[in-house]
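Data block below; observations after.
The values are calculated or read from the model by the stated rules, or taken from the named source; none is laboratory data. Here the structure is a predicted model, which means the values were calculated and not measured. Heads up, the Cβs are rebuilt from the backbone with ideal geometry, glycines too, and the neighbour counts pull from every protein chain shown.
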Amino acid sequence: MKRFLVLIYGFAVYLFFLGTFLYAIGFLGRIGVPKTIDSGPVSEPWTSALIDALLLSIFAIQHSVMARRGFKQRWTRVVSWYVERSTFVLASTLVLALVLWQWRPIPNAIWDLRGTLAGSALAVLFWVGWAILFFSTFLINHFELFGLHQVSAYARGNEFHHIAFRTPLLYRWVRHPIYLGFVIAFWSAPFMSVGHVLFSAATTGYPGRDLLRGARSDPRLWQRIP
């Protein structure tokens, strides 16, 4: 029964993540969701900026702290290795959902290229970024990244082993193709508002540091991603 519950937990977390992440794509792309990065009650710009910065800080702190090796070593004394990754994904998804729910729009335009050739190119790049991101997760191990491999191994009674070091395809040229996909998607907006720039700049800062370090790094660093 315990093994079955662990399996259900892992898959439920994955589905929760997937739904929230797909919503986040619509949120940033202003596509098919009730609340986007530029919709909702508008407050004073500085008030909105402070609230949004606080939300992004909560996400950054949770992500950074829980991804640290020292934290994992202490945390796995309480939570089994087989559900540690799923629990990390759950925590990150909950914080992401909080950001999407409580985000305050600052809709003032930085640029508006809708209806132009440049705007159409940015709209295409938006989807290219997400395609790079998802493709990159499967180049390594999508199912280990989101905890499914771990809970499945536990449910079958098998010993779990991390993936071996390797640098397939995009990982030969870019340290973090997943982060690269994020950066492309975040900045490829035909309409770029002040709020969108705040979101993109804050979420680019951490991955941008890693992207500049070059190629042939350990792709297991993707484990720091929610």
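Checking each residue in the stretch 19-49 for being of a type outside the set (D, E, K, R) and loosely packed, with under 13 Cβ neighbours inside 10 Å picks out Gly19, Ile31, Gly32, Pro34, Pro41, Trp46, Thr47. Filtered by the rule that a residue be at pLDDT 80 or above and more than 29 Å from Phe27 (Cβ to Cβ), the stretch 81-100 gives a lone residue, Tyr82. Of all residues in the stretch 137-147, those satisfying the criterion of being touching a residue at least 24 places away in the same chain (Cβ under 8 Å) and either among the hydrophobic types (A, V, I, L, M, F, W, C) or closer than 21 Å to Tyr23 by Cβ (or both) are Thr137, Leu139, Ile140, Leu145, Phe146, Gly147. Identify the single condition in (1) assigned to a helix (DSSP H, G or I); (2) under 14 Å from the mean Cα position of the chain (by Cα); (3) modelled with pLDDT under 60 that Thr203 does not satisfy, given that it satisfies every other one. The failed condition is (3).
The residues on offer are Phe71, Phe88, and the sole one that is touching a residue at least 40 places away in the same chain (Cβ under 8 Å), surrounded by 13 or more Cβ atoms within 10 Å (Cβ to Cβ) and among the hydrophobic types (A, V, I, L, M, F, W, C) is Phe88.
Of all residues in the stretch 53-68, which are at pLDDT below 90 and hydroxyl-bearing (Ser, Thr, Tyr)? Within the stretch 53-68, Ser64 is the sole residue that qualifies. Applying the set (1) modelled with pLDDT under 95; (2) within 26 Å of Leu133 (Cα to Cα) to Phe16 leaves exactly one unmet item: (1).
A Cβ distance below 6 Å, combined with a sequence gap of six or more or placement on separate chains, defines the contacts here; from the stretch 174-197, residues that are free of Cβ contacts under 8 Å to residues at least 40 places away in the same chain reach residues that are assigned to a helix (DSSP H, G or I) in the pairs Trp187/Ser200. When the stretch 185-198 is limited to residues that are closer than 19 Å to Gly119 by Cβ and assigned to a helix (DSSP H, G or I), the one that is farthest from the chain's Cα centre (by Cα) turns out to be Val194.
Taking Ser120 as the residue in question, decide whether it is crowded, with 17+ Cβ neighbours inside 10 Å, hydroxyl-bearing (Ser, Thr, Tyr), over 27 Å from Phe16 (Cα atoms) and modelled with pLDDT of 95 or more. It is false that Ser120 is crowded, with 17+ Cβ neighbours inside 10 Å, hydroxyl-bearing (Ser, Thr, Tyr), over 27 Å from Phe16 (Cα atoms) and modelled with pLDDT of 95 or more.
Among the residues of the stretch 176-191, those that are of a type outside the set (Ser, Thr, Tyr) and either at pLDDT 85 or above or surrounded by fewer than 23 Cβ atoms within 10 Å (Cβ to Cβ) (or both) comprise Leu180, Gly181, Phe182, Val183, Ile184, Ala185, Phe186, Trp187, Ala189, Pro190, Phe191. Annotation note: of Val6, Val99, Val65, the sole residue that is in contact with a Leu (Cβ under 7 Å, 6 or more places away or on another chain) and β-branched (Val, Ile, Thr) is Val99.
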